[in-house]
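The values are calculated or read from the model by the stated rules, or taken from the named source; none is laboratory data. Remember, it's a predicted structure, so these values are computed and weren't measured experimentally. Don't worry about glycine lacking a Cβ; one is built from the backbone with ideal geometry, like all the others, and counts go over all protein chains shown. Heads up: the accessible areas ignore ligands, DNA and RNA and are worked out on the full protein's heavy atoms, side chains in. Shrake-Rupley method; radii C 1.70, N 1.55, O 1.52, S 1.80 Å.
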Amino acid sequence: MAPPDTASTMNADRLREFVSTHRRLFVLTGAGMSTDSGIPDYRDRDGGWKGASPIQHQAFVTQLSKRRRYWARSMAGWPPVARARPNAGHLALARLGAAGRLSLLVTQNVDGLHQAAGSRNVVDLHGRLDRVICLDCGTRVSRHRVQEMLISANSGWLHDADAMRPDGDIELGDVDYDAFNVPDCPVCSGILKPDVVFFGGAVPKSRVERAWAGLARADAVLVSGSSLMVWSGFRFVREAARSGLPIMAINHGRTRADDLLTHKIDGDCGTLLDQAID
């Protein structure tokens, strides 16, 4: 086995060759893309969950108790996500996009760090955590404004933390969620929900169509920091394989598409992207 530094150099060379060979890349990123920004990922090397499973869409929509639990945890978990900054991998993909080398950048992340790094042609497949929507009237409210509403309605509750999760939902331990006050929509008093696709929810059709169009323009696919365990991202890799496109994945551990990939690197995507993209 090659020493770690030699292996890293070899992997960077493999990625550089893949990127230079294929001029129009469809890039799909996942939670592993943001770990170097301090935001932990969801899954272990075998694709299993780390900690508790994220909230389900149906539970949030139908159960006040679940909404109380989510918003209480989110009130503490949102500030560290909001403070996160793009890492070298985000900046590398922004350079690649600025050079006209991407057919599309599709992210499964909800942290907005690709845009913060300067990427412009981005599909936020699962939405954005910095936006909140009313399920009744459709009003959109900034997450910062909702944070102010949460703090105002819940004095004495933890409203900032060092810990974070990709969805801003952190563990609070043994607390009485029934005592937590969930603010209503400031326009119609309806239910406020982060403008993200919770597990069990549907990705809006317009985003999916835009992603398919980007894939149709591509001559290769690069997956960065995703185990592809979720169908919403996996389907694009499966279709790329059916179409005969070369597919490279950079990820720690296995992916759902291991048997479909033409190239795979087990490593840190942020470091490798920075090394391979000038």
- Using only Cα atoms, what is the ratio of the radius of gyration of the stretch 179-265 to 2.2 N^0.38 Å? 1.47
- Message: Please list, short to long, the whole-number percent of alpha-carbon pairs of the stretch 218-278 in consecutive 10 angstrom bins beginning at zero.
- Response: 24, 54, 21, 0
- Note on the structure: Asserting the computed 222 nm helical MRE of the chain (DSSP H runs at least 4 long, -39500 (n - 2.57) per run, divided by residue count, to nearest 500) equals -11500 deg cm²/dmol
- Item | Alpha carbon convex hull of the chain, volume per residue in cubic angstrom | 130
- Message: Charges on Cβ only, +1 for Lys and Arg, -1 for Asp and Glu, centred on the Cα centroid of the chain; of L222, M10, S34, which one is farthest towards the dipole's positive end?
- Response: L222
- Query: What is the log10 of I(q)/I(0) for the stretch 177-226, computed with the Debye formula using one identical point scatterer on each Cα and no solvent, at q = 0.24 Å⁻¹?
  - Reply: -1.08
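Please sort 68-75, 139-146 by packing, taking for each peptide the average over its residues of neighbouring beta carbons within 10 angstrom, highest first.
Final packing ranking: 68-75, 139-146.
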- Solvent exposure of the chain as accessible area per residue, Å², 1.4 Å probe: 44
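Whenever you get a sec, line up W78, W157 from highest to lowest accessible area (probe 1.4 Å, protein heavy atoms).
Working: W78 15, W157 55 Å².
Ranked from most to least accessible, the order is W157, W78.
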- Query: Listed highest first by mean packing, meaning other Cβ atoms within 10 Å per residue, what order do 21-30, 112-121 come in?
  - Reply: 21-30, 112-121
- If one computes the Cα centroid of the stretch 89-144 and of the stretch 252-278, what distance in Å separates the two points? 21
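Nothing charged except the Cβ atoms of Lys and Arg (+1) and of Asp and Glu (-1): what's the magnitude of the dipole of the chain about its Cα centre? Round to the nearest 20 debye. Mind dumping the intermediate values first?
On the way: 34 positive and 31 negative charges, 197 e Å.
With only Lys, Arg, Asp and Glu charged at Cβ, the dipole is about 940 debye.
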- Angle in degrees between helix 88-98 and the longest Cα principal axis of the chain, rounded to the nearest 10: 70
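Test of understanding: express the Cα radius of gyration of the stretch 59-99 as a ratio to 2.2 N^0.38 Å, with N the residue count.
1.88
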- Message: Can you list residues from other chains, or at least 5 along the same chain, whose modelled amide H is less than 5 Å from the amide H of R131?
- Response: R143, D195
- Between R95 and D176, what is the spin-label point distance in nm, taking each point 7 Å from the Cα along the Cα→C-beta axis? 5.5
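Put R207, R101 in order of accessible area, largest first, 1.4 Å probe: what do you get?
Values: R207 50, R101 25 Å².
Result of the area sort, largest leading: R207, R101.
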- Message: I'd like the carbon and sulfur percentage of the solvent accessible area for the chain, probe radius 1.4 Å, heavy atoms only, ligands and nucleic acids excluded.
- Response: 50
